[in-house]
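A short write-up of the structure that comes next.
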Amino acid sequence: MEKAGIDAGGTLVKVAYEENDRSIRYVKLTSDPLESVAAWIRNELPEAQLCLTGGRASRLLNLLGRPAVFVSEFEATCEGARRLLEQGGKQWDRFLLTNVGTGTSIHIVSREGAARVGGTGVGGGTILGLSRLLAGTGDFGSIVKVAQAGRRDATDLKVSHIYEGAVPPIDGNLTASNFGRVEETIRRSAGLEESAVFPAEDVLASVIGMVGETVATVSVHAAGQHAAQVIVYIGSSFEWNGPLQEAVASYTRFRGAEPYFAPNGAFSGALGALLALTPHSRCSDPRYNE
Ligand SMILES: Nc1ncnc2c1ncn2[C@@H]1O[C@H](COP(=O)(O)OP(=O)(O)OP(=O)(O)O)[C@@H](O)[C@H]1O
Ligand SMILES: [Mg+2]
């Protein structure tokens, strides 16, 4: 019988299912409306045995009206990420796992098990929300495309801007204050329209920069606390998102940790749920959660 793991997140539903030849297919759908997701599952996976995870899993179950196994979101995500890394030939005894979904969740994963060690409300939802409010753009693909052409100079205050001419005590290229240069830029550009001084591409580049720097800052602190050298970043927020990857990677490296963006990382939870349907999966091992 066909098997499918479904991670119903706050923004996107990720599906991992086995084809007849046992290869795994990945599909992404928007979580809203969840009724359409249930219809898709009924049509595409009518016979499949299902394992659900994610914040919207129980609502989806009600809509589906057919039996399914549940697995916790954190267990599924860590187990799926571990498997994706293995498949990609990456194996670390201990690593930090940062999932930048709608919000951001941070886990320590080792041979002994996995545990959630922190998070922040700054995540992919922040990119969507602030981009809509500040630039009127709500579509993720457009946000990233526009941001790619942006510069952060007019909006973000660097350490070197504050120290101006003097030798700063830390790297002058670091951001001293995200969006902290706006007032100064307005003063300097006397009389010009704000929309001309702050074009959408610059504002969106700064939004993504702020999210990336926040996520990386929280992650490197957690990595230090939990003795992890490698930080594996997953979540749909990174997909096709060069500016976010760049912001996260450069700050992570600057702080001495090693960033890794797992291919298909957004499907970690869905894959973990699929694995939970397979006998001997670590997800069903009670030692798995610390
Ligand atoms: N097609 C898309 N539509 C909307 N957002 C997208 C899309 N592709 C990438 N994103 C980004 O990915 C984020 C969602 O990531 P992800 O799918 O990992 O989260 P989630 O599982 O839905 O949320 P959570 O785990 O916090 O409940 C969005 O907030 C947005 O920034
Ligand atoms: Mg998620």
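The values are calculated or read from the model by the stated rules, or taken from the named source; none is laboratory data. A quick note: this is a predicted structure, and the numbers were derived from the prediction, not measured. So basically every Cβ, Gly included, is an ideal-geometry build from the backbone, and we count neighbours across all protein chains shown. We work out accessible area using only protein heavy atoms, side chains counted, and drop any ligands, DNA or RNA first. Shrake-Rupley method; radii C 1.70, N 1.55, O 1.52, S 1.80 Å.
In the list A228, A205, A222, A273, which residue meets the criterion of being more than 22 Å from G125 (Cα to Cα), away from ligand 2 (no atom under 16 Å from the Cβ) and not charged (D, E, K, R)?
Numbers: A205 fails: more than 22 Å from G125 (Cα to Cα); A222 fails: more than 22 Å from G125 (Cα to Cα); A273 fails: away from ligand 2 (no atom under 16 Å from the Cβ).
When all the criteria are applied, what remains is A228.
Kindly evaluate T11 against the criterion of being exposed (fewer than 13 other Cβ atoms within 10 Å of the Cβ) and within 19 Å of the chain's Cα centre (by Cα).
no
List every residue pair whose Cβ atoms lie under 6 Å apart, where the two residues are 6 or more positions apart in sequence or sit on different chains, the first residue falls within the stretch 233-244 and is near ligand 1 (Cβ under 8 Å from one of its atoms) and open to solvent by less than 30 Å² (accessible area, probe 1.4 Å), and the second residue, located anywhere, is part of a loop (DSSP other than H, G, I, E, B) and not basic (K, R).
Here the result reads I234/A262; G235/G101, each pair linking the stretch 233-244 to a residue that is part of a loop (DSSP other than H, G, I, E, B) and not basic (K, R).
Residue by residue, here is whether (1) of a type outside the set (F, W, Y); (2) without any contact (Cβ under 8 Å) to a residue 12 or more places away in the chain; (3) buried (at least 16 other Cβ atoms within 10 Å of the Cβ) holds:
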position: G125; (1), (2), (3): yes, no, yes
position: G141; (1), (2), (3): yes, no, no
position: A154; (1), (2), (3): yes, no, yes
position: L157; (1), (2), (3): yes, no, yes
position: P168; (1), (2), (3): yes, yes, yes
position: S189; (1), (2), (3): yes, yes, no
position: E201; (1), (2), (3): yes, no, yes
position: A205; (1), (2), (3): yes, no, yes
position: E213; (1), (2), (3): yes, no, yes
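Could you list, in sequence order, all residues of the stretch 71-97 that are within 12 Å of ligand 2 (Cβ to nearest atom) and of a type in the set (D, E)?
E73
Taking the stretch 98-117 only, how many residues are out of contact with any Phe, Trp or Tyr (no Cβ under 7 Å at 6 or more places or on another chain) and more than 16 Å from ligand 2 (Cβ to nearest atom)?
Selection size over the stretch 98-117: 6.
Quick check, is S177 modelled with pLDDT under 95 and not assigned by TED's automatic domain parsing to the domain that holds C78?
Spelling it out, it is not the case that S177 is modelled with pLDDT under 95 and not assigned by TED's automatic domain parsing to the domain that holds C78.
Right, L45: over 15 Å from I234 (Cα atoms), away from ligand 2 (no atom under 13 Å from the Cβ), touching a residue at least 40 places away in the same chain (Cβ under 8 Å) and in the same structural domain as A273 (by TED's automatic domain parsing) or not?
yes
With the checklist (1) among the charged types (D, E, K, R); (2) assigned to a strand (DSSP E or B); (3) open to solvent by 60 Å² or more (accessible area, probe 1.4 Å) in hand, flag the one item E86 doesn't pass.
Every condition holds for E86 apart from (2).
For the subset of the stretch 32-55 comprising residues that are under 22 Å from the mean Cα position of the chain (by Cα) and buried (at least 22 other Cβ atoms within 10 Å of the Cβ), which member is nearest to ligand 1 (Cβ to nearest atom)? Can you show your working first?
Within the stretch 32-55, the first condition is being under 22 Å from the mean Cα position of the chain (by Cα), and the residues that meet it are 32-34, 37, 51-55.
From what is left, the residues that are buried (at least 22 other Cβ atoms within 10 Å of the Cβ) are 37, 51-54.
On the way: V37: 12, C51: 16, L52: 13, T53: 10, G54: 6 Å.
Within the stretch 32-55, the match that is nearest to ligand 1 (Cβ to nearest atom) is G54.
I need the full set of residues from the stretch 188-215 which are touching a helix residue (DSSP H, G or I) at 6+ places or on another chain (Cβ under 6 Å) and charged (D, E, K, R), in order please.
Result: E201, E213.
Which residues, counting only those in the stretch 59-68, are within 13 Å of ligand 1 (Cβ to nearest atom) and open to solvent by less than 70 Å² (accessible area, probe 1.4 Å)?
Selection gives L60 alone.
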